[in-house]
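Since the structure comes first, as structure tokens, the remarks are kept for the end.
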Amino acid sequence: MHEATVLVVDDETAIRDMLRMALEIADFRCIEAGNIHDAYTLIVDERPDIILLDWMLPGGSGLEILRRLKRGDTTSEIPVIMLTAKTAEDNVIQGLDAGADDYITKPFAPRELIARVKALLRRSSSGQANERLQVGELVLDGESQRVLVSEEPVEMGPTEFKLLQFFMTHPERAYTRGQLLDQVWGANVYVEERTIDVHIRRLRKALQSPGGDFSNLIQTVRGTGYRFSSRGVT
């Protein structure tokens, strides 16, 4: 079985040591970087399966790495969990908007972080195996993990892919934010409900493709949450 590689990017040696021990006990392979330059080098050379990325780093912000990753053709799909002491809602939203798949605030329990790593890896690599879903010119291919609009690829992160996959396999039903968290993130993962709104916004933006705008398929249900409806789409 593939031993997942986790890249820890944090300038505090004590935190890296703590995370390395916890990850290795959980049977992950851990590699480390204490600054932006070393992080870029390891990303290119090692192609980690997931990145734990500190917000504040020597010479810049972890957001710089995150934005660069999400712009790269070969790195945009790598899941990223932000590690941050910043708890203000604006900072959390800023990280998620930049492309982070999850965040955890310091101090945190190693067991909670390991649970989030496992859940994110599961939803990044699983899904309905080999299933091809289609609504009009919108196609989700479970085998290749790609989304197409009018046969043109649509760029989106693994969390948005999983969310769209769930919606397309459960159409015409309203789901609360809590239900979506349980279904897409997993019942044992501690993610705040407002995270859903950020990923919904990113999913809608991704579905605004030059080949066709399918963002209106994701409908807001006031007082409840969200619904995927393809009525009227041919």
Scan the stretch 64-71 and give yes if some residue there is touching a helix residue (DSSP H, G or I) at 6+ places or on another chain (Cβ under 9 Å), farther than 30 Å from Ile200 by Cα and among the acidic types (Asp, Glu), otherwise no.
no
Somewhere in the stretch 73-87, is a residue out of contact with any His (no Cβ under 6 Å at 6 or more places or on another chain), closer than 22 Å to Arg122 by Cα and of a type in the set (Lys, Arg)?
no
Pairs, first more than 9 Å from Arg227 (Cα to Cα) in the stretch 159-174, second part of a helix (DSSP H, G or I) and among the polar types (S, T, N, Q), C-beta under 7 Å, six or more apart:
Phe166/Gln183
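One line per residue, one yes/no per condition, for (1) outside any helix (DSSP H, G or I); (2) crowded, with 17+ Cβ neighbours inside 10 Å; (3) within 18 Å of the chain's Cα centre (by Cα):
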site: Ser144; (1), (2), (3): yes, no, yes
site: Pro153; (1), (2), (3): yes, no, no
site: Val184; (1), (2), (3): no, yes, yes
site: Gln219; (1), (2), (3): yes, no, no
State which residue pairs qualify: first residue in contact (Cβ under 8 Å) with a residue 24 or more places away in the chain and inside the stretch 144-156, second residue in a strand (DSSP E or B) and polar (S, T, N, Q) in any location, beta carbons under 8 Å apart, and separation of 6 or more residues or different chains.
Val149/Ser209; Ser150/Ser209; Glu152/Ser209; Val154/Ser209
Which listed residue, of Leu140, Leu164, is at pLDDT 90 or above, of a type outside the set (Gly, Ala, Ser) and in a strand (DSSP E or B)
Leu140
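The values are calculated or read from the model by the stated rules, or taken from the named source; none is laboratory data. Predicted model only: the values in this text are computed from it and were never measured. Neighbour counts are summed over all protein chains in view; Cβ atoms, including those assigned to glycine, are modelled from backbone coordinates with ideal geometry.
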